[in-house]
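Comments concern the structure below.
The values are calculated or read from the model by the stated rules, or taken from the named source; none is laboratory data. Note that the coordinates shown come from a computational prediction; the quantities given were computed from them, not determined experimentally. With ideal geometry, Cβ positions are generated from the backbone for all residues, glycine too; neighbour counts draw on all protein chains shown. To get the accessible areas, we keep the full protein, side chains included, count just its heavy atoms, and leave off ligands, DNA and RNA. Shrake-Rupley method; radii C 1.70, N 1.55, O 1.52, S 1.80 Å.
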Amino acid sequence: MQLVVARIGRAHGIKGEVTVEVRTDEPELRLAPGAVLATEPAGAGPLTIETGRVHSGRLLLRFEGVRDRTAAEALRNILLIAEVDPAELPEDPEEFYDHQLMDLDVVLADGTGIGRITEITHLPSQDLFIVERPDGSEVMIPFVEEIVTEIDLAEQRAVIAPPPGLIDESQAVIASSRDEEGDTDGTPESGKDV
């Protein structure tokens, strides 16, 4: 099975290094020197990692045969893809590969069905489940411990405890900073700086 493990960013310096946007929880395994990665588009690869290092909090890679800034810049936005055994599991039992989570049923703690995971979106701050509801609509559920309380691969389900309004917009709670200050008419109170 193939998994996207990184996206190549801009060139760094003049010796062929590139920044990478890491999309794996195991970069030390998937993006180590010597790793041979497929690419998307396929015509750009395969690429073999020659060196890797962290600089100012970013992972920098250099690939075999890429020796200057021009060649490095030509790789920008290419996806790096690793071949992974489908039976392989992450070392941490609280981590999951995307393929393990796809098509899981999403249910509330009481068993009420919400839908099925059809996509996982990786954002810088968190991951999101894209859940298709029985009526065909979609809902985005943040993959955070406070909301996704259990992943049960044996039962093929994700149990969630959504805050009001996440699943049913009619239950949304509207919060206003003005209400907290006691100012409900929208005009500044006397004696306060505006």
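Among the residues making up segment 1-30, those that are of a type in the set (A, V, I, L, M) and within 21 Å of Arg69 (Cβ to Cβ) are Ala6, Ile8, Ala11, Ile14, Val18, Val20. Restricting attention to segment 123-146, the residues that are open to solvent by less than 80 Å² (accessible area, probe 1.4 Å), of a type outside the set (A, V, I, L, M, F, W, C) and assigned to a strand (DSSP E or B) add up to 3. For segment 83-94, indicate whether the set of residues that are touching a Phe, Trp or Tyr at 6+ places or on another chain (Cβ under 9 Å), hydrophobic (A, V, I, L, M, F, W, C), open to solvent by 70 Å² or more (accessible area, probe 1.4 Å) and assigned to a loop (DSSP other than H, G, I, E, B) is non-empty. Yes, segment 83-94 contains a residue that is touching a Phe, Trp or Tyr at 6+ places or on another chain (Cβ under 9 Å), hydrophobic (A, V, I, L, M, F, W, C), open to solvent by 70 Å² or more (accessible area, probe 1.4 Å) and assigned to a loop (DSSP other than H, G, I, E, B).
Does Val66 satisfy being at pLDDT 90 or above, open to solvent by less than 20 Å² (accessible area, probe 1.4 Å) and over 25 Å from Leu123 (Cα atoms)? Judged against the criteria, Val66 is a match. Of the residues making up segment 28-43, those that are buried (at least 16 other Cβ atoms within 10 Å of the Cβ), of a type outside the set (Lys, Arg) and not in a loop (DSSP other than H, G, I, E, B) are Leu37, Ala38, Thr39.
Residues being over 24 Å from the mean Cα position of the chain (by Cα) and not polar (S, T, N, Q): count how many of those fall in segment 47-56. Looking only at that region, the number is 1. Exactly one residue among Val54, Val36 is at pLDDT 90 or above and closer than 25 Å to Asp98 by Cβ, and that residue is Val36.
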